[in-house]
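K.L.:
Before anything else, here's the structure in question.
The values are calculated or read from the model by the stated rules, or taken from the named source; none is laboratory data. Predicted, not measured: the structure shown is a model, and the values here were computed from it. Glycine also receives a Cβ, built like all others from the backbone with ideal geometry; neighbour counts cover every protein chain displayed.
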Amino acid sequence: MSKIRLGVNIDHVATVRNARGEKYPEPLRAALLAQEFGADSITIHLREDRRHITDSDLKKIISKLRIPLNLELAATNEMLKIALKNKPPFICIVPEKRKEVTTEGGLNLNYKVNFLKKMIKKFKENKIRVSLFIEPNQKDIYKAKLLNADCVEIHTGKFCNLVNKNRNFKRELKKIKKIVNFGNQHGLEVHAGHGLNYKSAKILSKVKGIKEFNIGHFLIGESIFVGIKNCIKNFKKII
Ligand code: PXP
């Protein structure tokens, strides 16, 4: 049994489907298979431009899934309404820029603070677990606490890039360890995600205090070669 929960992000099943405007491969099928093969939660990011997951995917997945759905969304009125209508058990608030290929960094917690407060309050009134996607720094831990979030998810993109390029990642790892500790001391559950593969997940799984990994792009890509069952099994073994 792995100590750290594995959240499987299936956005890129939808990316492949949308590339040809077809109905396959279906994100719902991926979500149900991931559930069957040991995922602890399923993550989807409903982007403003709907470039991968659509509103219809969200509806189908939430109605059929038995493990928790973690809905990633931007701090906008539209997303607030959609989330309150569908009531996923977990929400992760992420920054969003139209032109980015993927979520490039953590949230700016100095921006739209009143809106973030309102959003988090509404989610918590609806018993939804709220996480904030942040860069590994102390001031964002303080701010997440002040905003009354339950969890923070640390953006691991920089760390993963260093690992992938065989560069020295020790400083970045030290920073992440410190922030995980700091988050836990402040009563926040700490998650990690972005850019993780077998190698980076293995290194980060040794960091005490991380409760959940959210992994998407590598996991879906690797599943083409080894199958989603084996890929999830491999990740569960590693973490
Ligand atoms: N966590 C968050 C908050 C994300 O925005 C993403 C990317 O959508 C991930 C995890 C997963 O990143 P990746 O697809 O690189 O594994």
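K.L.:
Within region 95-102, does at least one residue satisfy the condition of being within 21 Å of Phe213 (Cα to Cα) and surrounded by 15 or more Cβ atoms within 10 Å (Cβ to Cβ)?
P.N.:
yes
K.L.:
Let me ask something additional. Within region 215-236, can one find any residue that is closer than 23 Å to Ile93 by Cα, touching an Asp or Glu at 6+ places or on another chain (Cβ under 7 Å) and not in a helix (DSSP H, G or I)?
P.N.:
Initial filter on region 215-236 (closer than 23 Å to Ile93 by Cα): 215-220.
Imposing the further condition that a residue be touching an Asp or Glu at 6+ places or on another chain (Cβ under 7 Å) reduces the set to 216.
Pick out the ones that are also not in a helix (DSSP H, G or I) and you get 216.
Scanning region 215-236 turns up at least one residue that is closer than 23 Å to Ile93 by Cα, touching an Asp or Glu at 6+ places or on another chain (Cβ under 7 Å) and not in a helix (DSSP H, G or I).
K.L.:
Tyr142 fails exactly one of the following numbered conditions: (1) more than 14 Å from Val94 (Cα to Cα); (2) hydroxyl-bearing (Ser, Thr, Tyr); (3) outside any helix (DSSP H, G or I). What is the number of that condition?
P.N.:
Among (1) more than 14 Å from Val94 (Cα to Cα); (2) hydroxyl-bearing (Ser, Thr, Tyr); (3) outside any helix (DSSP H, G or I), Tyr142 violates only (3).
Conditions tested, residue by residue: (1) under 16 Å from Leu73 (Cβ atoms); (2) without any contact (Cβ under 8 Å) to a residue 40 or more places away in the chain; (3) basic (Lys, Arg).
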position	(1), (2), (3)
Val113	no, yes, no
Arg129	yes, no, yes
Ile134	yes, yes, no
Gln138	no, no, no
Lys145	no, no, yes
Asn168	no, yes, no
Lys174	no, yes, yes
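K.L.:
Let me ask something else about it. Among the helices (runs of 4 or more DSSP H) lying completely within region 1-76, list those that include at least 3 residues that are within 15 Å of the ligand (Cβ to nearest atom) and buried (at least 16 other Cβ atoms within 10 Å of the Cβ).
P.N.:
On the way: elements: 11-20, 27-36, 55-64.
Correct list: 11-20, 27-36.
K.L.:
Give the residue, chosen from Gly227, Gly216, Gly195, that is at pLDDT 95 or above, of a type outside the set (D, E, K, R), at positive phi and buried (at least 16 other Cβ atoms within 10 Å of the Cβ).
P.N.:
Sole residue among the options that is at pLDDT 95 or above, of a type outside the set (D, E, K, R), at positive phi and buried (at least 16 other Cβ atoms within 10 Å of the Cβ): Gly195.
K.L.:
Determine if region 205-212 includes at least one residue that is in contact with a Lys or Arg (Cβ under 6 Å, 6 or more places away or on another chain) and not basic (Lys, Arg).
P.N.:
Of all residues in region 205-212, those in contact with a Lys or Arg (Cβ under 6 Å, 6 or more places away or on another chain) come to 207, 212.
Imposing the further condition that a residue be not basic (Lys, Arg) reduces the set to 207, 212.
The answer is yes, given that some residue of region 205-212 is in contact with a Lys or Arg (Cβ under 6 Å, 6 or more places away or on another chain) and not basic (Lys, Arg).
K.L.:
Pick from Ile154, Ile141, Ile176: which is within 13 Å of the ligand (Cβ to nearest atom), crowded, with 22+ Cβ neighbours inside 10 Å and either within 20 Å of the chain's Cα centre (by Cα) or closer than 20 Å to Ile239 by Cα (or both)?
P.N.:
On the way: Ile141 fails: within 13 Å of the ligand (Cβ to nearest atom); Ile176 fails: within 13 Å of the ligand (Cβ to nearest atom).
From the options Ile154, Ile141, Ile176, the qualifying one is Ile154.
K.L.:
Still on this structure, I have one more. Restrict the check to region 189-196 and report whether at least one residue is part of a helix (DSSP H, G or I) and β-branched (Val, Ile, Thr). Show your work before the answer.
P.N.:
In the first step, residues of region 189-196 are kept if they are part of a helix (DSSP H, G or I); the result is none.
No, that holds for no residue.
K.L.:
In the set Asn197, Asn148, which member is out of contact with any Pro (no Cβ under 9 Å at 6 or more places or on another chain), within 25 Å of Asp40 (Cα to Cα) and away from the ligand (no atom under 16 Å from the Cβ)? Working first, answer last.
P.N.:
Details: Asn197 fails: away from the ligand (no atom under 16 Å from the Cβ).
The match here is Asn148.
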